[in-house]
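Okay, structure first, notes after.
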Amino acid sequence: MARNRYDMDEVLEDSFDIRQLKRLASYVSPYKGKMAGVILLMLGTSALTMLVPIFFQRIMDYYIPQKDMGKIILVSLLTFVVACCSAVALRFKIKNMSVIGQNIIHAIRSDIFNHLQELPFSYYDDRPHGKIQVRVVNYVNSLSDLLSNGIVNTVTDLCNLFFIILFMMICDTRLTLVCLCGLPLLALVIIVIKKKQRRAWQIQSNKQSNLNAYIAESINGIRVTQSFVREDENNEIFNNLSGNYRSAWMKAIKFNFTMGPSVDMISVITTSFIYVLGIRWILAPQATLTVGVLIAFTAYIGRFWAPINTLAGFYNSLLTAISYLERIFETIDEPVLVKDAEDASVMPPVKGEVEFKDVCFSYEKGHRILDGINFTAKAGETFAFVGPTGAGKSTIVNLICRFYNVDSGQVLIDGTDIASVTIRSLRTQMGIMMQDSFIFSGTIMDNIRYGNREATDEEVIAAAKTVCAHEFISQMENGYYTEVNERGSRLSAGQRQLISFARALLADPKILILDEATSSIDTETEILLQKGLNELLKGRTSFIIAHRLSTIKSADCIMYVDKGGILERGTHEELLRQKGAYYELYMSQYDFLTQDPAKENTELRLKTV
C-alpha cells in the first residue's frame, strides 16, 4: 500500500539524533584545512579591527586635547588600512566558502541520488515521486547557507567574542560585567523556544513535501485532469496544500524572528544601563571613567552583540537544517533490499535456461501474489503469460530480472541462483521492455541507444527496422535526431512502444522480456512486427506478457496465471483442446473481434487453431 501520500504527513521525530550532525561533519571534513585557513585569516582581521575603538579612545582622550593633528591623521590612515584589510579578507572568505559549501552540497546530493538509483522498485511503489524529489533538490539546497557561511561565521564569531570580552575588560571591568548580565536572559529565550522551533520546522518541511508531491502528480496527470475537467477541484486541493504550507512556514519563521528582536532588546537594555552608569562615573567628583573609554566601550558593545546576533542566526539555520537533515539521511539510510550478496560473483555468459523452483512472493506481508511457482524454460524457448489483471504476470518477469527479492524458492538461470550473482552482470544480459514505455528527453537515436551506448547508428537503425519503427521515424523533421520531450509527449502511445521495443532489442540479449509490448500498436503494424519478432526470438529465451493472444500463438509454452499460481500450461493448440481458462479467454476475444466486421478481415486468423 502506498504510504506518505500528498495528503498525508510524514512521521515526525520526537528527538534529534546527534549522529546526524556527525554525519554532516563527515562531508565537511575533507575541507577542514581550507576552512581553518579562512578562519585564521578572519580571526587575524578581527583582531586588527579590535584596535579601532582603541584608536578612537586615544583620539578623544589625548590627541584632541593636545591638538595633535599629525597623530589624528595617522590614526585615521591606520583605521582606513584596517578597513581595507577587513574588506579583502571578507571577499576571500565569501569566495572560498561559497566554493566549499557548494562542493559539500554536491557531495550530499550525489550520495542521495546515487542511493536512489540502487533502491528497489518497492521503494518507488510506496511513495509519491514529488516527495522523493523535494529531498534531492529543496532539502539539500536548504543546507547551502549553513555550509557556505554558517560554520565559519560561527567559529569566527565565537573567537571574536573572547577577543571582544578581553578588550572590554581592558577598557573597564565594571561595564563589562553589566554587559554580560544580558546573556542569561538570552539563554532563557533559547530554552523556551528551542523545542517548539524545531517542531515547527519539521511540520513546515512536511507541508512543503506534500505540496511538492501534489504538484508533481498534477503535472504528470495533466492530460487526465483536462480530459475529465478536474481543474477546479485540483485548484482547490492545491490551494489547501499551499495554504497549509504557508501557515506552517509563518509559524516556523515566527520563532526565527523571535531571536533577532530578543538579542536587540537585551542589547538596548544593557547599553542603556552602561550609558547611565558610564556618564554617572564620568561626572562624579572623582571621575573614574573618561569620555574616550566610554566611547571605546560602546563601540565594543556593538561588536559584542553583533556576533551573538550572528550566532542566533546560525542557531536558527541549524534548527531548520536539522529538520531537513533528518529527511535527507533517512533517504540515504533507506535499505537497498535488492543488492549484491557479499560473495556475489559475476554472471557468466548466459545461455538462456530459466527455472523457477517453488517461488513465493508478496508485495505486502500476508498478501501473497505468487505461491509455489514452478517451470523451466529451455534456452531459446518462448514462454508467454496470460491471465487476468493483477494475477502476477508482470511480477514473474520482474523476478527474473531481480527487481524484487523472492520470499522463498529460487530463480535459476543456467542453473545459477540469480541471488548469488551481481545485479549488473545479470541485467546487462537481458533485454527488457516494460508496460510503461518511458521515453527520455533527447533524440530518438539517444532513446534507442539508451541500453547499449556502444551501438553504432547503423545498428540503431537496424533495430528500428526490425520493430517497424523506421518508417515513422524517417518521416519526422530530423529523422533519428528529432528531439522528443520527457515521457515522449510528442509521440503516440504506439510510437513510444516501438521505440522502447527497439531499445530492448538493441541490447542483443540472450533473455528477452516483453511486458505488453504490443498493447498500443495497431493491428496492421502488429502483423508486420510479428514477422520481425519471429526472426528475433530465434536463439533467445523470451518471456512475453500479452492480453492480445494473436501475439503469442506461436509460443513454445503458454501459461495461464491466476490465484497465485499457474493454472494451465501448454501450447496454444493444447490449451484450446483442454477448453479451460485459456480457451474461455481466447473465445471471449474471438467473439468480440468477429462482432466487428472491420476487425474480422485483419484478425480472423485468431480462430485458426
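The values are calculated or read from the model by the stated rules, or taken from the named source; none is laboratory data. Since the model is a prediction, treat every value here as computed from it, not as a measurement. We place every Cβ from the backbone using ideal geometry, glycine too, and count neighbours over all the protein chains shown. What goes into the accessible areas is simple: the full protein's heavy atoms, side chains included, and nothing from ligands, DNA or RNA. Shrake-Rupley method; radii C 1.70, N 1.55, O 1.52, S 1.80 Å.
Which value in nm describes the separation of the simple spin-label points at Glu458 and Asp562, placed 7 Å from the Cα toward the beta carbon?
Between Glu458 and Asp562, the label points sit 5.1 nm apart.
Report the extension gain between Ala287 and Glu236 in nm, rounded to one decimal, defined as 0.36 nm multiplied by the number of residues separating them, less their alpha carbon distance.
That works out to 11.2 nm of additional length.
Using θ = phi - 60° and the Karplus curve 6.51 cos²θ - 1.76 cosθ + 1.60, what whole-Hz ³J(HN,Hα) does each residue of the range 343-349 get, with Gly and Pro shown as x?
9, 4, 10, 7, 5, x, x
Please give me, ordered by residue number, the GluC sites (Glu not before Pro) of the range 291-378 that lie in loop per DSSP and have at most 10 other Cβ atoms within 10 Å.
In loop regions of the range 291-378 (DSSP not H, G, I, E or B), the sparsely surrounded GluC sites (Glu not before Pro) are Glu342.
Can you give me the pair-distance distribution of the range 325-429, C-alpha pairs, 5 Å bins, whole percents?
With 5 Å bins starting at 0, P(r) equals 2, 11, 19, 22, 18, 13, 7, 4, 2, 1, 0.
Starting from the Cα of Glu483, step 7 Å along the direction of its Cβ; do the same at Asn405; then give the gap between the two resulting points in nm.
4.4 nm
For the range 238-306, what percent of Cα pairs sit more than 16 Å apart?
Distances greater than 16 Å cover 63 percent of the Cα pairs.
Given H placed on each backbone N at 1.01 Å, which residues far from Asp562 in sequence or on other chains put an amide H within less than 5 Å of it?
Placed amide hydrogens put Leu567 under 5 Å from Asp562.
Find the eigenvalues of the gyration tensor of the Cα atoms of the range 373-482, then list the square roots of 5 times those eigenvalues as equivalent ellipsoid semi-axes, largest first, in whole angstrom.
32, 17, 14
In the calculated pair distance distribution of the chain, what percentage of Cα-Cα distances lie above 37 Å?
The proportion of pairs with Cα distances above 37 Å equals 55 percent.
With axes computed from alpha carbons, what is the tilt in degrees of helix 19-28 against the longest principal axis of the chain, rounded to the nearest 10 within 0 to 90?
Helix 19-28 sits roughly 80 degrees off the main axis of the chain.
Rounded to the nearest 5, what % of the DSSP beta bridges within the chain are antiparallel ones?
55 percent
Nearest 20 debye, what's the magnitude of the dipole of the chain about its Cα centre given +1 on Lys and Arg Cβ and -1 on Asp and Glu Cβ?
2920 debye
When the helix-only estimate is applied to the chain (DSSP H runs of n ≥ 4, each -39,500 (n - 2.57), divided by the residue count), what is the mean residue ellipticity at 222 nm, nearest 500 deg cm²/dmol?
When only DSSP H runs of four or more count, the value is -19500 deg cm²/dmol.
Could you look at the range 289-403 and say what percent of its accessible area is carbon and sulfur, using a 1.4 Å probe and all protein chains?
54 percent
Could you compute the longest span of the chain free of chymotrypsin sites (Phe, Trp or Tyr not before Pro) located in DSSP loops and having at most 16 other Cβ atoms within 10 Å, not counting the site residues?
17-227
Kindly state, as a whole number, the per residue volume in cubic angstrom of the convex hull around the alpha carbon atoms of the range 471-512.
That works out to 88 Å³ per residue.
Throw me the Rg/Rh for the range 168-304, computed over C-alpha atoms with Kirkwood Rh, two decimals.
1.37
Cα centroid distance between the range 107-181 and the range 381-399, in Å?
So the separation of the two Cα centres works out to 50 Å.
Counting heavy atoms of the protein chains only and a 1.4 Å probe, report the per residue accessible area for the chain as a whole number of Å².
Accessible surface, normalised per residue, equals 51 Å².
I'd like the Kirkwood hydrodynamic radius of the range 135-200, using the inverse of the mean 1/r over distinct C-alpha pairs, in Å.
Hydrodynamic radius (Kirkwood, Cα only) of the range 135-200 equals 14.9 Å.
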